[in-house]
Structure formats: structure tokens, C-alpha cells
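Notes to accompany the following structure.
The values are calculated or read from the model by the stated rules, or taken from the named source; none is laboratory data. What you see is a predicted model; the values in this text were computed from it and never measured. A quick note on method: Cβ atoms are made from the backbone with ideal geometry, for glycine too, and the neighbour counts reach across all protein chains shown. Surface accessibility is based on the protein's heavy atoms, side chains included, excluding ligands, DNA and RNA. Shrake-Rupley method; radii C 1.70, N 1.55, O 1.52, S 1.80 Å.
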Amino acid sequence: MVNFYTPQRKKFTPQKLTVTILSLDAFGQGVTNHKGKTIFVKSALPDETVDIELTENKKNYAKAKVIRYHNQSKYRVKPLCEYYQQCGGCELQHIAPHMQQQAKYDALINLLQKETGQPLSNIVKNSPQIIADQPYHYRRRARLSINIVKGQLAIGFRQAESNQIINIKHCPVLVDELDSLLAPLQSMLNNIKQKKVLGHVELISVDSGIILVLRHTMPLSNHDVNLLKEFAENNNISLYFHGDDLIHIAGNTEHFYLINHLKLTFSPLDFIQVNCKINQKMIEQALNWLTLQPTDRVLDLFCGMGNFSLPIAKLSKTVTGVEGVDTLVEKAKFNAILNNTEICAETNFLTSNLDDSQQFSIWSQSQYNYNKVLLDPARAGAFNATIEIAKLAPSKIVYISCNPATLARDSKQLIDAGYQIAQIAILDMFPQTKHIESMLLLIKSGT
């Protein structure tokens, strides 16, 4: 048998330094330099001088934690949440909201310039487009984990970099209706006899009321069902159990939210934007950038149940919405009929896997000759669909993204195909978190 020599791994020795923070990255980390190496410092802000200890030391960068603050930045604010730095739901509550937004905007601009090679100074020199609203009490949808410790049930979010559940009684990023429900919900769930079969709780608050979806792994007893049903009825909640299937238990079954004088219905398991005010502002910005005319033929990719399609249909000639989930397509068709008195465009909704180029003929080879396109993909982006969009040669493309990396990648394809970035905006969809939501307007060169 051959014995291979394995060199001993070099032991990491924590190094302590005193540094001044120069800037902030998009993840809320302070950034500084020491002897030519970039150091990312957790919980440190620009202009703060801090004693740090390196937690990771790579060839080109290092990470560190703060041991002592010598002074505090003007951008530092007191977090509103009593669970901050325990709960992993928010990371940026110690940073003033406008600084959070500016850091995200700067990070997006730097990434786009690096990946696309297109200078963007003319776009950003006047003032950054940051679409924001209230920094707290904005989240209308939340999934809460359930944990049982010594027979007591806890509900909350996971601790940062851990699977441990932080038990919470209040959450300042939730809309008031959901925040006020947390404590009584936990109290009621602690009276459930079959606590161990409970998975997680999903809470949703929309114009039609509050929805509660309870995930469970085994059927609940009559005692537990009646307890949950009584709680739902007393609090005017639409209650659903989610085992193998979604089953309605109590309350309303029609769920909707309102945008642009339109009523959009959805199922409790359907995706909806969690920030209703930013969703409305995002739609308004998209309509503004598209400069819709009664003669426009618009293609809406990843359309869901019509969040953009139906507002567009109030202003254009035709709208074709494409979505990979058939149930969402059926919901979009239903919503178009439901709002037919408000819509002037001919609407058409199609099911197509927008990652599969073999299915692109379903929507790309259309008699409508689209002249404007909107797309709002998931985090994976729209690499294959973007190639096909470029072939259609629309005059304007509005790209809404929840992932700057795939946005930059896909934009590069459109720029190579003769488009240029005309507008950039940050959507402060998730204040107090490092999540970046953004939107671009791309126009065909020469139009």
C-alpha cells in the first residue's frame, strides 16, 4: 500500500489591527485597506475607527469582526428590533436607511459597469434612482419556523448562520396586522396537543384580509383542528392546512390585492411581492419607462398571475404574458376576465418554460410583432430567454431583477445585441436586509 504525504494545514492565527472604515459594501460590511489588502469588517460603518480581529485571511482579501469602536459613524442608528443580531431575518438595522439604499445602488452600478463594459456615469451623475418607501412595517408575507424545546413551542426566524430558531413575539418589518398576531398565535399553538407534527406557519396580509397557512406532517386531531379553527374565526383569518394538499379550514377563499384599480386574485401558495407599496411604485416606474401607447404590442415574460401584464393592458393594444407554471397562467387569464372593464388591450397568456429554448416558439413566433418587452425572472435570471428577446428587436426592454449577478450577465447579452442601458433604479423592496432588487431600461441603439 502506498502512503501519500499530506502536508499539515497551516494554522490560522487571528491578527488584530486598528483601521478606519472607508466605505460600505452591499452586504452591510465596512470596507477598508491594510497594506494593499481589502478587509471586510462586519458591523462597521464608514468613518469609524475600530480595533478588529481577522476571522479569515485570504491572498486578496480578509474578513474581520470588531473588538472595539473608537467612534461611531453618523450613519449608525439604533435598531428597532429587540432580536437584532440574534435573528437572521435582518442584517442592516444598524445602518441609516438612505445609506443602505446608496450602498446597494453603488454596488449595482459597479457590477453592471464591470460585467457589461458599458460606462454608466452619464446615467448616475445627476441623482440615483432609488425607489423606496417606509423602512419598517412593510412585509405583508412571512414564513415562520416552528421549534419545540422541552415541550414549549417557539415560532420565529433562524439565527444568522445557524439552524437555531429565535423565538419572537414582535417583528418590526412585518405589517402591523401580522406583527400584532405573533404573540397570540404562539400562545394558541402552545395549546396544540400534536406540536411535533407542525412544520412552519405562513402569514399573508392583503386587501382581502389575513391568510394563515399551517404546514403539518401528519393529520391533526379533532381537538387541534377545532382550536385552530376557533382562533381563525375569532381573528377573522382565512385558515389553510398544508399537508400533502392545501385544504381550506376557515374564513374567505377569495384572496386578492389591488393595483392600478385592478383586482388580482391569487392562491395562498402563489408568489406575490412582499412589499405592496414598492410593488405599486415598481409597476408605475415600469409603465413610465415603457412609455406605452395605444398601438403598442407588449410581451411580459415570467408574468405570474398578471402583476405587470394587467396594468400594461390598460394602456396598450395587445399584451402577451408568458409563465412556466400553468396554474399561474390560468389565474392570469381569470384576472384578465375579472378586470375586463378596466382593460383595453387584447390579452393572451401562455405556458412555456422560459429556460427551455425548444419551447420558445410558443411565444416568440407570434403574429403580434412585439415592440416592447418586460421581464421579471427569478434569481436564476433569463439567460436563454434574453437571447431570444434580442432576436425580436423590441425598441424598449424593462428588466426587473432580484439578483444583480444574473441581471449583469443577461444585460451583457442585450448590449452585445445592440442595446444600451438607458435607466437604472434600485427598488428598496427589502429594507434592513442585504437583498438587492433592481430594474433597468434598455433601448435599441438608433431608436
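Some points to look at:
- The residues packed around Gly304, meaning those with a beta-carbon under 13 Å from its beta-carbon, carry a net charge of -4 if Lys and Arg are +1 and Asp and Glu are -1.
- Accessible surface, 1.4 Å probe, highest first, among residues Thr291, Thr265, Thr327: Thr327, Thr291, Thr265
- Net charge over other residues, Cβ less than 9 angstrom from the Cβ of Ile67 (K, R count +1; D, E count -1): +1
- For Asp25, the accessible area of its heavy atoms, probed at 1.4 Å with every protein chain present, is near 30 square angstrom.
- Accessible surface ranking that places the most exposed of His200, His70 first, with a 1.4 angstrom probe: His70, His200
- The stretch 293-379 shape via C-alpha gyration tensor axes, a/c threshold 1.5: oblate
- Percent accessible area from carbon and sulfur atoms, the stretch 235-349, protein chains only, probe 1.4 Å: 51 percent
- With all protein chains modelled, accessible area of Phe360 [1.4 Å, Å²]: 10 Å²
- Among Ile343, Ile21, Ile67, the residue with the largest mean-square fluctuation in a Gaussian network model of the chain, with springs joining Cα atoms closer than 10 Å, is Ile67.
- Computed [θ] at 222 nm, deg cm²/dmol, the chain (DSSP H ≥ 4; -39,500 (n - 2.57); rounded to nearest 500): -7000 deg cm²/dmol
- Our note on the geometry: Cα centres of the stretch 416-445 and the stretch 222-258, 39 Å apart.
- The stretch 352-408 and the stretch 42-57: distance between their alpha carbon centers, rounded to Å: 42 Å
- For the stretch 73-184, alpha-carbon Rg relative to the globular expectation (2.2 N^0.38 Å, N residues): 1.38
- The stretch between Lys74 and Lys229 holds 50.8 nm of extra length on full extension. This uses 0.36 nm per residue minus the Cα-Cα distance.
- Anisotropy class of the chain from Cα gyration tensor, a/c 1.5 cut: oblate
- The smallest convex shape that holds all Cα atoms of the stretch 290-337, its convex hull, gives 59 Å³ per residue.
- Taken about its Cα centre, the chain carries a charge dipole of roughly 1820 debye when the Cβ of each Lys and Arg holds +1 and the Cβ of each Asp and Glu holds -1.
- Net charge over other residues, Cβ less than 12 angstrom from the Cβ of Asn275 (K, R count +1; D, E count -1): +2
- Projecting the Cα atoms of Ile165, Val325, Gly446 onto the dipole axis of the chain, where Lys and Arg carry +1 and Asp and Glu carry -1 at the beta carbon, places Ile165 farthest toward the positive end.
- Counting DSSP beta bridges with both ends in the chain, the antiparallel % (nearest 5): 65 percent
- 21 Å Cα-Cα reach of Lys58 towards lysines, excluding residues that sit fewer than 8 places from it in its own chain: Lys10, Lys11, Lys16, Lys35, Lys37, Lys42
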